Each structure stands twice: as C-alpha cells, then as structure tokens.
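Okay, so here's the structure we're looking at.
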Amino acid sequence: MIRVREYIGEKAFYAKAARIALPIMMQGSIYNLIGLLNNIMVGRVSTVQMNGVAVVNQLMFVFYSCISGIFGGIGVFTAQFSGKGDEEGIRYTFRFKLVTSFLLSAATILLLGIWGKPLIQSYLSGEGLAADAEASLAYGMGYLWIMLVGVPPYALINVYSSTLRELGQTKMPMFFCVFSMVVSLVLNYVLIFGFVGIPAMGCYGAAAATLVARFIELAGVAGWTHLNAHRLPFIQGAYRSLHIPGWLALRIAKKSAPFALNQLLWSMGVAAQTQCYSVRGLYVVSANNIVSALSSLIIVVANAVGNTARIVIGHMMGRSEAPDKIRSVYQKFIGLGFVSSFAVALLYALAGRYFPLIYNTTDEVRQLASSFILISALILPFTSYLTVVSGVLHTGGNANLNLIFDTVFIWLACVAPASCLVHFTGLGILWIYGFCQATEILKTFLGILLIKKGRWIQNVVDHA
C-alpha cells in the first residue's frame, strides 16, 4: 500500500530542492525556449530546410547524449568528493572530463564527417517527393559542417558547467547559458532572414548563430571559474598537468565508461526509433521535429527535478548517510516530480492544438504534430517519474541498472517493435507512435522494481 505522506517533504526539503532546481530549471527553460524560437524561425523558411536541420540535430543528439552520459558517470565522483570535502579529488575528475571531451569531440567530427551524408539520407527515404528529399539532404549537409565546428566548445562548456553544478554552483552556468542563448536568438533572426544589408542565410545562418553563441558561453563560464579560483579551489592548478592517479583513473573509467556506452546506445535507440517513424513519409519527419521542439521545453521541469535528486542524493552518499534516509529523500523527489508533471502535461496538451500553426508547412504536418503532442501529454506523468528514477540510479554509479533501464528497454520495447510495425504491417503512424509512447508505462514498473532493490545506494569514493 502506498503511503502518501512518505512522498511529501518538509519545508526545509523543498527550500533546498528549490535552491538547486530553480536555476537549473530557469537555465533549461530559457535554453530550450530560445532553441524553440530558433526552430520556429527555420520552420518559417521552408519545410525542406526544417527537415534537413531536424535530421542533423537528431544525429548531433547522439553526441550530446554521450557527453551527458560520460560526464554524468564522472559526476558521481565529483558530487561525492564534494560531499566528502576532497578538493584534490574534484580536480582529478575535472581533468578526466577534459581528456574525455577531447576524445569524444574528435570521434564525433571524424564519424559524422565521413558518414554524415548516408546517415542523413536514411531519414529522407520515406514517402514524399524526391526533389524535396534531395533539397533537405543538401541543406542538412551544409548545416552539419558548420555544427561540427561547434562540437569542441560544446564539450568544454559541459566540462565546466557540469562540474560547477555538481558542486552546487548552479547560478553562473545558468547566467552564461542564458546570455549566450539571447545572443544566439538575435543572431538567428539576423542571419536566417537577413537584416540591414546582411543576406538571408536560412538554416546555415541558424548554425552560424549557434556556433558564435557557444564560443561566447565557453568564454564566460570558463573565465568566471578561473577568476573565482579562491572560491573554487579545485580549479587551482587544474591545468598544471593532466595527471590523475592511475588507480583513480581506472576506477572512474570503470564506472563512467559504462554510463557513456549506455547513453550512446540509448541515444542511438532514440535516433533509430525516429528513423523508423520516417519510413512512413517525409511529413512524419516534419511533424516529429515540431513535437521535439516543444517537448524539449515541456520536459525541463522533470529534468530539473531529476538533476536535483542526483546532486542531493550524491552528496548524501558521499557523506555515507544512512540508506533509509537516502530512500526517504528519494521518495520526496518522486512526489515532487510526479505532482509537478500534471500541470505541465495540461499546458502541453493545450499547446498542441495551436503550436503547429506557427510553422510554414502543410495542414497534414500540422494535424499530425497536434496528434503526436496529445499522445505525449497523456504519457508525460510517467516520463517525469522516469526522469527522476534515471537521475537517482546514476548517483550510486551502478551502470548495469542504467543499462537495463535505458538501453535494453528502448531497443527491445521500442525500436524492435517499431521497426517490425513500419516494415511488416500497414498500421498508420499514429498507432505506431502511440505504441512506442505507451511503453513508458511499462518502463515505470521496471523503475519501481530497480529502485526497490536498493542496489543503487553506493559510496564510490570510499578509500579514495
């Protein structure tokens, strides 16, 4: 029997959660709102440009997820070293992030530089005019080459920002992110549509604006960190060498590599699922892009609660607090995330009727996007719960739990059935999309089972 009171916290709990969650939420909201506006601007130009950009962004999502995954794994150590008060340990995790950011950036540029074209083509092979597919491919390739230049600064931004957040310093990463995104918004308008003598560049202008904004954000967050070395001792001497004790590097690699692999395979699963949808036609690519742009803004609340849970519980594990106390805090985060999701789901459903009308596309695409949004809104409370569970499972560094929860599930429960349905049945895209979204309900029961076992409660920095 569920005891509701166990999921309701005291004022002190909500105050602490708000101090961490609100800056993350504000940063995510502004970041995704501006990203949404940029998406709308490209969508106002033409559907073929929007499709090209959407496919490239789906491919780049795999890189972003790898960064998130491996830094999340390393962040388990950062948060627990912080809870332990070990500045040298934090410095070592920062260096580990630097090395991995270089390796991931180089691998991404190499892989997409060589195989970018056939990957983009795989999303544009569904029903539709061949001329539209060719135009989307050309726009997508041009957009991709510019975006690849922004891969290294994106990785470095996350090296600094993720470390600061894991130390509880959430405000400054938020400020520089917001500032750079405002710059991006202005530049997007100027470069996409043309202004005061500057020629209209369409989707290429969107990529150029993003590139400039990333260098601005990197300069801001890195500069502030080094100027405040007296408040952030870990950065003092961080670049003196890249030395990390062998035993610690091995321990971090052992824990973080599976997280990175998990995120890689999971994000590839998301990309594969989207590719399955695209088999039903180019109009599905357009509709899915509209939905993704809006959902990235809607899911910000759940992501903020999940990240806050990961940080707070990670600090508790670093202090070796009692498992029962940790479980109690987890339950309160579940309650917070679940309740907040209902209000957000209502707004999401209401927006679904009007939001697609903004785009310069066909009525068929708009109607399909509205239907996708309504289905996603119905599933949102489950998605919010799963976001918190995913954050909590990360805190103890048990990659096997995350592998089951994320990767195995999406490939077996979503991608495999979706592939069979699009290739071997005549089911419409709404039935296929609805089926894949409904698997979140099944995944909720898996999350309850994994959390109940308690294997996620681990201190990974003992004896460090």
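Coordinate-derived values only; no laboratory data. If you're wondering where the values come from, they're calculated on a predicted model, not measured in any experiment. Cβ: placed from backbone, ideal geometry, glycine included. Neighbour counts: every protein chain shown.
The figures follow:
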{"item": "Alpha-carbon gyration tensor eigenvalues x 5, square-rooted, for region 17-79, Å", "result": "30, 18, 5"}
{"item": "Inter-probe distance in nm under a simple model that places probes 7 Å from Cα toward Cβ, at L22 and D324", "result": "3.3 nm"}
{"item": "Selection from S295, L248, F355, by position along the positive dipole direction of the chain (Cβ)", "result": "L248"}
{"item": "Region 1-151, Cα convex hull volume normalised per residue, Å³", "result": "190 Å³"}
{"item": "Listed candidates [x] 13; [y] 16; [z] 20 - label of the one calculated as percent of Cα pairs over 42 Å apart", "result": "[x]"}
{"item": "Residue pairs, from the table K255/K452; K171/K254; K97/K332, whose Cα atoms sit over 25 Å apart", "result": "K171/K254; K97/K332"}
{"item": "Helical segments meeting 24 Å axial Cα length and Kyte-Doolittle 0.0 threshold in the chain (DSSP H)", "result": "11-45, 47-84, 87-123, 130-149, 171-193, 203-227, 246-278, 282-298, 300-318, 323-354, 363-395, 429-453"}
{"item": "Relative contact order of the chain, defined on C-alpha pairs under 8 angstrom at six or more residues apart (%)", "result": "25 percent"}
{"item": "For a label point 7 Å along the Cα-to-beta-carbon line of I114, residues of region 46-81 with backbone N under 19 Å", "result": "59-60, 62-63"}
{"item": "At R0 = 56 Å, FRET efficiency that the Cβ-Cβ distance of L347 and Q236 yields, to 0.05", "result": "0.80"}
